[in-house]
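For reference, the structure is listed below as structure tokens.
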Amino acid sequence: MDFREPLSAAAALASGALAGFVLTNPRNRAWAIYASDREIDRWLSSQPTGVVVALVLAVIAVAGLQRSGSRRASWIVAAACALVLIATRSAVAGAGGVDTLIALHFAKTATAGILLGAAVAAVWGRWGPQLTLTLGAAGAFVLASVARLPRGDTEYLEPASRSTSAIGEPPMWLLIGTLVLALVSTALAQKQFRVQRPERRILQTALAAALALALLNRLLGAWIDDHEFGEPLTVWLIIGFCLVVVLVCTEVSARLLPRADGHFLLAATAVTAAAMPVLDDLRTPRVTTPASAVLIVGVTALALGIAVAVRVPPTLRRPYWGLGLAALVPLTTAIQPDFGSDGVLLLARLLVLCTGMGFALAAALPASAPVAVLGLALPFASLVFVAATTIPGSRVVYAGAYEPLGAVAAFTGEADGPSPVSAASDHLAGIAMLAVVAYCAYSIRSRRPPLEKTAPLT
């Protein structure tokens, strides 16, 4: 029995999950950091910057490894990245200040981008491993933020000043597992099986799209953040403009790619927008749904969606079917924002989202590795979507939530009940994300590719 394929699939799953965990850095007001106001501002600014840089590095890593042509080299790079992430995790405990944490954050996110690129280069074109890699990255995007920094006995999070991100460092079991599986895959890699050769035009387009989307998300996301306490109408005009700009850039990039590859970029954008209402609920401190239940439901639903996409006839393997299912989440938010914000109903929304997401991504898998890594990394760098769904609802500063003395900055994000402004913003956020999903689904539907040009799933 040949164990190379299952082990390669396991290594791809672990690599995607680890890279996704590192790149998951939500806007989260349920933490506190002991530092001066200026240091806190620098720490906050470093978070999204590191993630968008990782998006570009992921595409560059694929390009370099495709030129090498060696699967073994790709797995060696992945193992080296796991070692670097283990080292950065160990260094956090001894960090002497915010500047050290920021440096470790940039090292960590850059390494995660390269890790994702190495995993894509190593497995793309082999349907089993590429599906598990998709499962790992998508699962981390939706589920990694259920991790919480440990709370101490006091009101504030004492260890938070020792963290490089809002959800802390990746667990050691995931780090060690990725390292071991990458090393095993390195040892078992066969020289006669080479990685996918790069196509210059597709590679250049993917790199240009990564640069453009990274820059736009960073700048436009910061622009929305700067208007957190602005007039609601002004905030929503800015959000609408930013969403249109991001969609136009995505559409242009998709049209410059082969049709099947362009569909993956649109599908990744759509599922990111569809996931935002559920992610906002999962990331609130008040959620009581057990993390274990969230993980089981999310992973199972993603795997189910991918499995269905693999098994259905090619005529039914259309990404917009999955997007239609995932669109029920923002549709529900647009109608009733408080529906399913916790408990069993939250798990039901998660089930619908992840099933649709798994189907859409698997049905839209691209043939080229640079587009694949761009689509897999893009959800983590979609800062405009994050800002559009969190900023308008956070306009009210609650008493005791901020200590202006400079010694401590703490954000709770809690209140006795939603304000009228916040409630209206929740409706508008659902409508905005639904519009993004609808547009991407329409764009895919209007330009269906020939079946023979889609990535093989069976």
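Below, the figures for the structure above:
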quantity: Selection from segment 309-355 of residues that are of a type in the set (Gly, Ala, Ser) and closer than 23 Å to ALA429 by Cβ; calculated: GLY322, GLY324, ALA326, ALA327, ALA334, GLY340, SER341, GLY343, ALA348
quantity: Out of LEU376, LEU331, sole residue that is surrounded by fewer than 24 Cβ atoms within 10 Å (Cβ to Cβ) and under 25 Å from CYS242 (Cβ atoms); calculated: LEU331
quantity: Residue that is most open to solvent (accessible area, probe 1.4 Å), among those in segment 2-17 that are aliphatic (A, V, I, L, M) and more than 15 Å from VAL77 (Cβ to Cβ); calculated: LEU13
quantity: Answer residue from segment 85-120, given it is in contact with a Lys or Arg (Cβ under 8 Å, 6 or more places away or on another chain) and among the aliphatic types (A, V, I, L, M) and is nearest to LEU174 (Cα to Cα) among those; calculated: LEU85
quantity: ARG286 being of a type in the set (Lys, Arg) and farther than 15 Å from THR205 by Cα; calculated: yes
quantity: Residue check, GLY406 on the phi > 0 side of the Ramachandran plot, within 26 Å of the chain's Cα centre (by Cα) and modelled with pLDDT under 95; calculated: no
quantity: Condition met for ARG349 (among the charged types (D, E, K, R), touching a helix residue (DSSP H, G or I) at 6+ places or on another chain (Cβ under 6 Å) and more than 20 Å from GLN130 (Cβ to Cβ)); calculated: yes
quantity: GLY375 being touching a Pro at 6+ places or on another chain (Cβ under 8 Å), of a type in the set (Gly, Ala, Ser) and part of a helix (DSSP H, G or I); calculated: yes
quantity: The one condition in (1) touching a strand residue (DSSP E or B) at 6+ places or on another chain (Cβ under 8 Å); (2) surrounded by 19 or more Cβ atoms within 10 Å (Cβ to Cβ) that ILE224 fails to fulfil; calculated: (1)
quantity: Flag for LEU211 being open to solvent by 40 Å² or more (accessible area, probe 1.4 Å), free of Cβ contacts under 8 Å to residues at least 24 places away in the same chain and farther than 30 Å from GLU5 by Cβ; calculated: no
quantity: So LEU243, is it in contact (Cβ under 8 Å) with a residue 12 or more places away in the chain and assigned to a helix (DSSP H, G or I); calculated: yes
quantity: Failed condition for ARG71, given (1) out of contact with any strand residue (DSSP E or B) (no Cβ under 8 Å at 6 or more places or on another chain); (2) within 28 Å of GLN130 (Cα to Cα); calculated: (1)
quantity: Qualifying helices (runs of 4 or more DSSP H) (wholly inside segment 10-127; at least 1 residues being touching a His at 6+ places or on another chain (Cβ under 9 Å) and not aliphatic (A, V, I, L, M)); calculated: 37-68, 71-92
quantity: ALA82 being under 21 Å from the mean Cα position of the chain (by Cα) and hydrophobic (A, V, I, L, M, F, W, C); calculated: yes
quantity: Residue list for segment 294-324, filter: over 17 Å from ALA275 (Cα atoms), in contact with a helix residue (DSSP H, G or I) (Cβ under 6 Å, 6 or more places away or on another chain) and of a type in the set (Gly, Ala, Ser); calculated: ALA309
quantity: Whichever residue in segment 188-206 is modelled with pLDDT of 90 or more and open to solvent by 60 Å² or more (accessible area, probe 1.4 Å) and, among such residues, is nearest to the chain's Cα centre (by Cα); calculated: GLN204
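Okay, residues lined up against (1) under 19 Å from SER145 (Cα atoms); (2) in contact with a strand residue (DSSP E or B) (Cβ under 6 Å, 6 or more places away or on another chain); (3) open to solvent by 30 Å² or more (accessible area, probe 1.4 Å); (4) touching a residue at least 60 places away in the same chain (Cβ under 8 Å):
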site	(1), (2), (3), (4)
ARG42	no, no, yes, yes
LEU57	no, no, yes, yes
ARG67	no, no, yes, yes
TRP75	no, no, no, yes
ALA107	no, no, yes, no
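So that you can scan it fast, the table gives a plain yes or no per residue for (1) open to solvent by less than 10 Å² (accessible area, probe 1.4 Å); (2) within 19 Å of PRO26 (Cα to Cα); (3) not acidic (Asp, Glu):
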| residue | (1), (2), (3) |
| --- | --- |
| LEU266 | yes, no, yes |
| ALA273 | yes, yes, yes |
| PRO277 | no, yes, yes |
| ASP280 | no, yes, no |
| THR284 | no, yes, yes |
| ALA291 | no, yes, yes |
| THR300 | no, no, yes |
| LEU304 | no, no, yes |
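The values are calculated or read from the model by the stated rules, or taken from the named source; none is laboratory data. Predicted model only: the values in this text are computed from it and were never measured. Cβ atoms come from the backbone with ideal geometry, glycine included; neighbour counts cover every protein chain shown. Surface areas here come from the heavy atoms of the whole protein model, side chains and all, with no ligands, DNA or RNA. Shrake-Rupley method; radii C 1.70, N 1.55, O 1.52, S 1.80 Å.
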